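Participant: Dumping the structure here so I can ask a few things about it.
Taken together, the values in this text are just the output of simple stated rules run on the coordinates, not laboratory data. From a predicted model like this one, the values you see are computed outputs, not experimental measurements. Every residue, glycine among them, receives a Cβ derived from its backbone with ideal geometry; neighbour counts consider all protein chains shown.
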Amino acid sequence: MRVWQISSFGVDSLEFVDRPTPSPDLGEVLVKVRAISFNYRDLLIVKGLYNPKLKLPRIPVSDGVGEVVAVGDGVTAWKPGDRVAGIFMQNWFDGPLTPGKARHALGGDIDGMLAEYVLLEDTGLVAIPEHLSFQEAATLPCAAVTAWNALSAGDLKPGATVLIQGTGGVAIFALQLARLKGARVLGISSSYEKLDRAYSLGLDAGLNYRENPEWDRWALEETAGQGVDLVVEVGGAATLPRSLRALRIGGTIAQVGVLSGPADPGPFPIASILHKQARIHGIYVGSRKDFEDVNKAISLTQLRPVGENFPWSMAREVLARMEEGSHFGKLVLTVA
Ligand SMILES: NC(=O)c1ccc[n+]([C@@H]2O[C@H](COP(=O)([O-])OP(=O)(O)OC[C@H]3O[C@@H](n4cnc5c(N)ncnc54)[C@H](OP(=O)(O)O)[C@@H]3O)[C@@H](O)[C@H]2O)c1
């Protein structure tokens, strides 16, 4: 089978190579991968910034979907032809995260989905929503589950206000899912064109943060001085201080991302955290149960993920596109 792997770090180091096609052993399922999607984490992993000590060679990418083509002895949950996705952390089925459950993350400490075939434990899969194409479903395992859990951290009441940052994979799922929960959504983006696309998905109000860097003040104005109930924080060090200022007293920051890099944010904003009685809730994707829950919501509402599709021969170019930040929603590769 053909796979993309890294033997050294760097987007240009992604190499298209042959590996033996595996066959399923006891409790294992062989999946023919039909589509994958990139997450910012995949870019960090390929560049060696996520875990510089990662063992190489490694097949990157957490998010992939496909068809079951063979099952090993003892597998009763799946049969050939089933449409499935791998779960991000292969050991996290339900309940709170533990160090043991955090091991075996696809495309991290074990090989990922950027391959023609993957062999997974029968417990490491979920069925994908029937109304979605493989390309649409490939967007779900990390970004949709993360957005779902970020919104759950806010314990949103109908009419609550959510602030999203940018228009990448997690942010656009947070927008779509927040609207399902009856929330009002404010969004900031580097681009008016992207804001227009976000309005078409239900964004209530938007601001270009390049031209108006004081988006915390704007969020306060938009909420009559009260502040937002929840920030889906993907910016990290450089955006957290403003996120806290944009928050209502007693509101929640769902701390998801690190897009602004490891830059020193200056003194940690202790005073804002106290004065806002803020809850800062770290998010680390989610469990198989979370994935099944978000899939139920997506199926019931016939939600359609947003992304752009490319052939998998363009893996390097598409990762470079993610680095530029010119995309909207998800970047998807069809595996053929
Ligand atoms: N904790 C977890 O479990 C988890 C799960 C998934 C992702 N993440 C993290 O969450 C972040 C987003 O991931 P993703 O896959 O959605 O990324 P992505 O699709 O690459 O999103 C990038 C977009 O975010 C916006 N952006 C970039 N820098 C920004 C900044 N300083 N302030 C506001 N917006 C900014 C830009 O949109 P505009 O051009 O519209 O501004 C950019 O196009 C990453 O740091 C990723 O590592 C964490």
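Participant: How much length is gained if the chain between residue 196 and residue 277 is pulled fully straight, taking 0.36 nm per residue apart and subtracting their Cα-Cα distance, in nm to one decimal?
Facilitator: Full extension of this stretch gives 25.8 nm more.
Participant: A further question follows. What residue among 259, 177, 26 shows peak mean-square fluctuation when the chain is described by a Gaussian network model with Cα springs under 10 Å?
Facilitator: Ranking 259, 177, 26 by mean-square fluctuation puts 26 first.
Participant: Only Lys, Arg, Asp and Glu count, each charged at its Cβ (+1, +1, -1, -1), so figure out the dipole size of the chain about its Cα centre, rounded to 20 debye.
Facilitator: It works out to roughly 560 debye.
Participant: Loop-only check: which chymotrypsin sites (Phe, Trp or Tyr not before Pro) in the stretch 84-187 are DSSP coil with at most 16 other Cβ within 10 angstrom?
Facilitator: Listed in order of number, the matching sites are 93.
Participant: Spin-label point model (7 Å from Cα, Cβ direction): what's the residue 321 to residue 103 distance in nm?
Facilitator: 3.7
Participant: Mind checking which lysines have their C-alpha under 21 Å from residue 276, skipping anything on the same chain fewer than 8 residues away?
Facilitator: Qualifying lysines at Cα under 21 Å: 157.
Participant: By counting other Cβ atoms within 10 Å of each Cβ, how are 293, 42 ranked from fewest to most?
Facilitator: 293, 42
Participant: Using only the Cα atoms of the chain, construct the convex hull and provide its projected area averaged over every direction, in square nanometres to one decimal.
Facilitator: 16.4
Participant: Further question on the same structure: What dipole magnitude, in Debye to the nearest 20, does the stretch 170-271 give about its Cα centre under +1 on Lys/Arg Cβ and -1 on Asp/Glu Cβ?
Facilitator: So the dipole magnitude of the stretch 170-271 works out to roughly 220 debye.
Participant: Taking the Cα atoms of the stretch 139-237 alone, what are Rg (to one decimal) and Dmax (as a whole number) in Å?
Facilitator: 12.3, 36
Participant: Just tell me which lysines come within less than 17 Å, Cα to Cα, of residue 32; anything on the same chain fewer than 8 places away is out.
Facilitator: Within the straight-line cut-off, residue 32 pairs with 79.
Participant: For a paramagnetic label modelled at 7 Å from the Cα of residue 221 toward its Cβ, which residues of the stretch 130-161 fall within the zone defined by backbone nitrogen distances under 20 Å?
Facilitator: 161, by backbone N distance to the label point.
Participant: Taking the Cα centre of the stretch 1-144 as origin and charging only Cβ (+1 Lys, Arg; -1 Asp, Glu), how large is the dipole, in debye to the nearest 20?
Facilitator: For the stretch 1-144, the charge dipole is close to 420 debye.
Participant: Most mobile of 255, 302, 135 per a Gaussian network model of the chain (Cα springs, under 10 Å)?
Facilitator: 302
Participant: Give the order of 334, 76, 239 when sorted by the count of other beta carbons within 10 angstrom, beginning with the fewest.
Facilitator: Placing the least packed residue first, the sequence is 76, 334, 239.
Participant: Out of the GluC sites (Glu not before Pro) in the stretch 170-265, which ones are loop residues according to DSSP with at most 16 other C-beta atoms within 10 Å?
Facilitator: For GluC sites (Glu not before Pro) across the stretch 170-265 that sit outside H, G, I, E and B with at most 16 neighbouring Cβ atoms in 10 Å, the list reads 211, 214.
Participant: Per 10 Å bin, what percent of the C-alpha pairs of the stretch 143-184 does each bin hold, from zero upward?
Facilitator: 34, 60, 6
Participant: Please work out the Kirkwood hydrodynamic radius for the stretch 275-320, using every pair of different C-alpha atoms, and report it in angstroms with one decimal place.
Facilitator: Mean inverse Cα-Cα distance, inverted, gives 14.6 Å.
Participant: Give the residue from 43, 21, 60 lying farthest towards the positive end of the charge dipole for the stretch 21-62; charges sit on Cβ (+1 for Lys and Arg, -1 for Asp and Glu) and the dipole is referred to the Cα centre.
Facilitator: In the stretch 21-62, that residue is 43.
Participant: Within 13 Å, Cβ to Cβ, of residue 65, how many net charges do the neighbouring residues add up to if Lys/Arg are +1 and Asp/Glu are -1?
Facilitator: Summing Lys/Arg as +1 and Asp/Glu as -1 gives -1.
Participant: Can you give the translational diffusion coefficient of the stretch 200-245 in µm²/s, computed by Stokes-Einstein from the Kirkwood radius over Cα pairs at 25 °C and 0.890 mPa s?
Facilitator: 214
Participant: Could you tell me which residue out of 76, 105, 86 lies farthest along the dipole of the stretch 1-130 toward its positive end? Charges go on the beta carbon: Lys and Arg +1, Asp and Glu -1, centred on the Cα centre.
Facilitator: Of the options given, the answer is 105.
Participant: Which of rounded, prolate or oblate describes the stretch 1-116 when judged by the alpha-carbon gyration tensor and an a/c cut-off of 1.5?
Facilitator: The shape class here is oblate.
Participant: Tell me what the chain gives for mean residue ellipticity at 222 nm when only DSSP H runs of n ≥ 4 count, each as -39,500 (n - 2.57), the sum divided by the residue total, rounded to 500 deg cm²/dmol.
Facilitator: Calculated mean residue ellipticity at 222 nm is -7000 deg cm²/dmol.
Participant: Also, quick follow-up: If you take every DSSP beta bridge fully contained in the chain, what fraction is antiparallel? Give it as a percent rounded to 5.
Facilitator: 55
Participant: Sorted from fewest to most neighbouring beta carbons within 10 Å, what does the list 163, 274, 230, 240 look like?
Facilitator: 274, 240, 230, 163
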